Every structure is written in C-alpha cells, then in structure tokens.
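Values in this text are rule-based calculations from the coordinates and carry no lab data. If you're wondering where the values come from, they're calculated on a predicted model, not measured in any experiment. Methodologically, a virtual Cβ is constructed for each residue, glycine included, from the backbone with ideal geometry; neighbour enumeration extends over all protein chains shown.
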Amino acid sequence: MALTSVSVAKPSFSVNAISNAYCKPGTMDSPPVKIVSVGDSQLFGTKISTSTTLSMPARTLQTRKMIAVAKVSKGSVPPTFNLKNQDGRMVNLSKFKGKPVVLYFYPADETPGCTKEACAFRDSYEKFKKAGAEVIGISGDSPESHKAFAKKYRLPFTLLSDEGNKLRKEWGVPGDFFGSLPGRETYVIDKKGVVQLVYNNQFQPEKHVDETLKMLQSL
C-alpha cells in the first residue's frame, strides 16, 4: 500500500504536505501516513519520532478543506448584502457607495471585548464623520438585541443583524480558537467600493479604531 509523506512543522503541529491521499472504493479509510520529519509541538508538548505510521481519515487529508482563505481581501470588491439594522430596516451596502465605509464584524452584543470595541468606535465617531466615513457593525445577533445594545451604550452608528452568520461566511471572516469563536475583523472600503484594509485582532478590540482611522487619513 502506498505511503503518503507528511511534514509536521514546528510549532503548529499541522500536516503540511498531503497530496496523494485516496479512499478505497466504498469506504472512508485512507492509506497509512508516514511522518518523515517532525518537531516539538508547543501546543501539545510532545514529540513524534520519524517513520511513525498513522491512519488518518480521508477527510483530514483534503488540504483544500483544511486551509481557510478569506474571500474578501485588500483590493477586492466585496459582495453586497441586504441586512436588517437595529430598527428592523433593510440596509444594502451599495447605499454607501461614494463614501468610505468602515465595516466591522464582531462576535456578539454585550460581551466585554465587543462592548469595548463598540464604545471605542462611539468615542471616535466624530473623527469618522469628519473623514466622511460610515461606520457599520455586524454580528449574528437579532435586530432587537442590537437595538438594546445601541441604546444602552449610546451607539450612534448602524448595527446589522447577520442571522446565521451567512454574510460572515460569504466574506470569509476567519474564526478564532479553531473556529469556535466568531472572528473580529474590520474592513475599510473606499469611495469606489474597493477594500483598502482588512484588520483582524480578537484580543485588542480598541486597535480596530486606531487602524481604521490611520487608513482613512491616507485615502
């Protein structure tokens, strides 16, 4: 039976080179995988010696599915959308064409990090207005949740409800903690509708404001 060579790079402990994996007809079994070079895993604190043979599910060996690639990136024109705002009204991205848009995805209303981020955008809102930019926050919360969140913290900008996180998936916003936590990612879109900045930082929510203001000043 053919062996597939795999390199496990330090420190990520991820399978890097999987190319000839196959399944037997009528089964999900895959060929044994030979580890030909390994390193210490800082994540698991273990070592694997060379020539170790493992059996791996064929699904694991599908590298195209293992690698997440953002669909919206710098220089691209993002897909439009129709989402409800905190007042239940439909909002379309094309409505803002002709002005810069700061669009930020965040995990959820009322969480500590998301509250810090929203209040940071609120506190700098006059700077965004001066730059002629529209600020839009998006999460999977309902319009009712957004309305309560905006009222409680006096948020002067639009919050959109991405129920089912469909837009998040369409834009390719990466998750954190192996996808268990929705990602915190901000986009700056210029007057022509082209993305000029993609900024991702889950643990320093206020920095999203600093980075977007810097970009707006350069447009």
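Taking a straight Cα-Cα cut-off under 18 Å and skipping sequence neighbours fewer than 8 places away in the same chain, the aspartates and glutamates within cross-link reach of LYS95 are ASP87, GLU134, ASP162, ASP190. A straight line joining the Cα centroids of region 68-102 and region 198-214 runs 18 Å.
Applying the criteria of a DSSP loop state and at most 12 other Cβ atoms within 10 Å to the trypsin sites (Lys or Arg not before Pro) of region 68-160 yields LYS74, ARG89, ARG154. Measure up LYS71/LYS151; LYS97/LYS127; LYS71/LYS152 against 30 Å on the Cα-Cα distance and list the ones that go over. Correct reply: LYS71/LYS151; LYS71/LYS152. Here the contact order of region 85-217, divided by its residue count and restricted to Cα pairs under 8 Å and six or more residues apart, works out to 33 percent.
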